[in-house]
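The values are calculated or read from the model by the stated rules, or taken from the named source; none is laboratory data. This is a predicted model, so every value here is computed, not measured. Here Cβ is always computed from backbone atoms with ideal geometry, including for glycine, and neighbour counts include all displayed protein chains.
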Amino acid sequence: MKKCALITGITGQDGAYLAKLLLEKGYDVHGVVRRSSHAGVFDHRLKWLGVSNDVTLHDGNLLDLSSLARIVQDVQPDEVYNLAAQSFVTASWQQPVLTGHITGLGAVNLLECVRTLRPQARYYQASSSEMFGLIQETVQSESTPFYPRSPYGVAKLYAHWMTINYRESFGLHASNGILFNHESPLRGVEFVTRKVTDGVARIKLGLAKELRLGNIDAKRDWGHARDYVKAMWMMLQQDAPDDYVVATGRTTTVRAMCEIAFQHVGLAIDEHLIIDPKLFRPAEVDVLLGDPSKAKGAFGWQAETTLEAMIQEMVEADLARLRDTKAAG
Ligand code: NDP
Ligand code: GDR
C-alpha cells in the first residue's frame, strides 16, 4: 500500500523539496494551498522541481479549521507535515497578530483535526531555532532554554509546546524538528541569503549597482533545504515521537556569507555593499549555532551541503533566471 502524506506550506521552499523527496519514496503526496488572486503562479516552486503534476492540491487555510478538517477527512493521511507559517521574522513585527494566528494557533487547528479525525497519523511540526533567540548557551541543543526575540519566535514556541502537549495528552505521534536556517535557490527573496545571491547576480549582469543590508554581524548556522527535508521525513519514521535539532554545527556571519557570493562572480564586496540602518530589527538574534548530534545518533542524519557550495548554487540559479528574463524581455 502506498503511504499518503499531507503537507501544509507545500508552495513554500521546504514544502516543494519535501514533496519531491516523498514522491521519490513512492508516497501519494497531497498539499494544502490557500486561494490566491494570482492563480497559476502559486506552484512555481513545484514547477521548478518538476513535480507540480504529481501532487494533489487542496484549497484550504491554516486559519480555517473547517477547511483543514475537510482535507484531513478526505485524504486520510499517514503522515502530516505542518510547514505552513508566516515565516518572515521582520514581517512578524508588522503583523504580530496575524503571525500569532497562522504560525501559532494554525498549528493547533491542524493538531485538532489530526486528534479527532486521524489520530493514527504521524505529525511533524516545523519548529525553529528562532525560539532560542537571546542565546543562553553557546551551542544550542534540545535541552537549551528558549528565549524568543520576535513575534514569530514566540508564535513558533507556542506551536512547539502545543505539539508536545498533544503528544503527552493524547498520545499522538507528534514530533518537533527544531530546524536552523536552511536555504536554496527556492528561498524567498526577502530572506538574507537569497537577497544576497539575487543582488549579486543583478550587479554582475549590470541590472543593479548596490546591495543594501542590515546587521551583517549576525551569525547563522546555514544548511541546504534539500538536506533538511530528509531529517523531517526521518523523524516520522522513528518508532517514538521526539524533538530534534537539525543544523550543520557551523556558524558564519552574514558578511562572510556575502563574501562567498561576491567572490564567486569576481566582484569586490566593499564596492557594492551598503549598510542601511532601516533594515536593522527591533530585537536581533545575534548568533545561532546548533548541535545536531541527537538526530545523528537517532537516525544518522547529517548535513551534506557546505555553505560555500549552497551559495554558489544559489548565485548560479539567480544568474540563469535573470539571463532568461532578460532574453525574454
Ligand atoms: P516559506 O515562507 O517558503 O513557506 C511558507 C508556506 O506557508 C507557503 O507555502 C505559504 O503559502 C504557506 N502559508 C502561509 N500562511 C498560510 C495559511 N494561512 N494557510 C495555509 N498556508 C499558509 O517557508 P519555508 O519553506 O522556508 O519554511 C517552512 C516552515 O519551516 C515554516 O513554518 C517556517 O517557519 C519553518 N522554518 C523554516 C526555516 C528555514 O530556514 N527555512 C527554519 C526553521 C523553521 P503561500 O505560498 O500561499 O504564501
Ligand atoms: P532569520 O532569516 O530571521 O534567521 O529567519 P533571515 O534570512 O531573514 O535573517 C538572517 C539574519 O540576517 C540579518 N540581515 C538581514 N536579513 C534580511 N532578511 N534582510 C536583510 O537585508 C538583512 N540584513 C541583515 C538579519 O538581521 C538576521 O540576523 C529564518 C526564517 O526562515 C525563519 O522562518 C526561520 O525560522 C529561521 O530562519 C530559522
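Some notes on this structure:
- Region 10-33: number of residues that are out of contact with any Phe, Trp or Tyr (no Cβ under 8 Å at 6 or more places or on another chain) and not in a helix (DSSP H, G or I): 9
- Residues that are touching a residue at least 12 places away in the same chain (Cβ under 8 Å) and polar (S, T, N, Q), drawn from region 227-273: GLN237, GLN238, THR248, THR251, THR252, THR253
- Elements of type helices (runs of 4 or more DSSP H) in region 86-151, at least 3 residues being closer than 22 Å to LEU18 by Cα: 106-117
- Filter result for ALA295 (within 20 Å of MET131 (Cβ to Cβ), aliphatic (A, V, I, L, M) and in a loop (DSSP other than H, G, I, E, B)): no
- Taken over region 259-294, the criterion of being within 20 Å of the chain's Cα centre (by Cα), crowded, with 17+ Cβ neighbours inside 10 Å and hydrophobic (A, V, I, L, M, F, W, C) is satisfied by VAL285, LEU288, LEU289.
- As a summary of the residue check, ALA84 satisfies the conditions (1) within 11 Å of ligand 1 (Cβ to nearest atom); (2) buried (at least 21 other Cβ atoms within 10 Å of the Cβ); (3) more than 20 Å from ALA225 (Cβ to Cβ) except for the one numbered (3).
- Residue match in region 95-116 (condition: within 16 Å of ligand 2 (Cβ to nearest atom) and touching a Gly at 6+ places or on another chain (Cβ under 6 Å)): no
- Positions within region 176-193 being assigned to a helix (DSSP H, G or I) and more than 10 Å from ligand 1 (Cβ to nearest atom), in sequence order: VAL192
- All conditions in (1) assigned by TED's automatic domain parsing to the domain that holds THR11; (2) part of a helix (DSSP H, G or I); (3) more than 12 Å from ligand 2 (Cβ to nearest atom) hold for GLN238, with the sole exception of (2).
- Region 41-69, subset under 12 Å from GLY31 (Cα atoms) and in a helix (DSSP H, G or I), residue nearest to the chain's Cα centre (by Cα): LEU46
- If you go through region 67-81 and keep only what is within 13 Å of ligand 1 (Cβ to nearest atom) and free of Cβ contacts under 8 Å to residues at least 40 places away in the same chain, you end up with just SER67.
- Options VAL29, VAL72: the member that is over 21 Å from the mean Cα position of the chain (by Cα), within 28 Å of ASP239 (Cα to Cα) and not acidic (Asp, Glu): VAL72
- Test result for HIS44, in contact with a strand residue (DSSP E or B) (Cβ under 9 Å, 6 or more places away or on another chain) and farther than 20 Å from HIS101 by Cα: no
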